[in-house]
Amino acid sequence: VVDVYASPVFRGEEQVGTIFVHRDITKQYEIDEMKTELVSTVSHELRTPLSSVLGFAELLLEKELSPERQKKYIQTIYKEANRLTNLINAFLDLQKMESGTLKYQKEAVYLVDILKDVIDVFKLSHPDHEFILLKEDLGKVYGDKEKLTQLYMNFVSNAVKFSPNGGRIQLSVTKEENQLITKIMDEGIGIPEKDIPKLFNKFYRVDNSATRKIGGTGLGLAIAKEIIMAHEGMLVVESKIGEGSTFLIRFPVWEEELVQDNKVKN
Ligand code: ADP
């Protein structure tokens, strides 16, 4: 994309030439395009729950309603306001991660402890699912405990959400050379192959009726990707429609000497 600016050159009253200035504004153009796309996606995502809140509030104000109906509408308002809060928080988190302004508080942590805590949270609220933890390795990684917990919460919450008929959700930790491998496996609806490369894009959701019915922000996996990258991790997704999905994450094993070296250097 080129921006051309023309300026006439005069000698006395007479125009003797024109100076053309060409500027390559491709980069600026791309940034503007990205901003426009982001603003329209965000405003759409915010507008949907907001219009629902406004609509139900209006009904409550204007109509004579039975107490049961009132309660139902208030519950909807509460649910939608909650969805808005989660969306805004997730979006702000992601912005901070992407711009590098989020500070990670890293220490040596046992991955298996994090997985145990995450499973405990979901076990209570999802009695229809069976949760299994295979802890073959008790190794540590060098990471931010809170962010790693958020990472596994995102994966397990998807595993639960996208297994609407219940089923088994299996988490495991194993070791391969100097890598710790964690897996989250579900027996849910699965992911079409063509969607797998796009899953980690902001706001990306598989476009089918099952996903639409289940709901979500489309930010969970984009946040997961940022957290994995900040911990020098790697990720592999495998899935079969109707059979389930597996998310595999590798992190380097924490080696005490490495951290000691860094401390001396800093
Ligand atoms: P959402 O808030 O929609 O769950 P995510 O970023 O966490 O957003 O996930 C993006 C999309 O990836 C989901 O909308 C869904 O289509 C797909 N997805 C993620 N995890 C799973 C899973 N375990 N099983 C099936 N589909 C999944």
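Below 13 angstrom from the Cβ of GLN105, what's the summed charge of the other residues (Lys, Arg +1; Asp, Glu -1)? Display every interim value, and only then the final one.
Values: positive: LYS103, LYS106, LYS145, LYS147; negative: GLU107, ASP144, GLU146.
Taking every Cβ under 13 Å from that of GLN105, the sum is +1.
Which one of ILE77, VAL21, ALA90 is farthest out on the positive end of the charge dipole of segment 1-100, using unit charges on Cβ (Lys, Arg +1; Asp, Glu -1) and the Cα centre as origin?
So the residue furthest toward the plus end is ILE77.
List the residue ranges in the chain for DSSP H helices whose C-alpha atoms run 20 angstrom or more along the long axis and whose Kyte-Doolittle average is -0.5 or above. Intermediate results must be reported in sequence, preceding the final value.
On the way: long enough: 26-62 (52 Å, -0.07); 67-99 (48 Å, -0.88); 111-125 (22 Å, 1.11); 145-161 (23 Å, -0.35).
For the chain, where a helix must reach 20 Å along its axis and average at least -0.5, the hits are 26-62, 111-125, 145-161.
Please arrange ASP186, ASP117, ASP137 by how many other C-beta atoms lie within 10 Å of their C-beta, fewest to most. Spell out each step's value before the answer.
Details: ASP186 25, ASP117 13, ASP137 18.
So the residues, fewest neighbours to most, are ASP117, ASP137, ASP186.
None of the figures in this text is laboratory data; all of them are computed from the coordinates on show. If you're wondering where the values come from, they're calculated on a predicted model, not measured in any experiment. Reconstructed Cβ throughout: ideal geometry from the backbone, glycine too, with neighbour counts over all protein chains shown.
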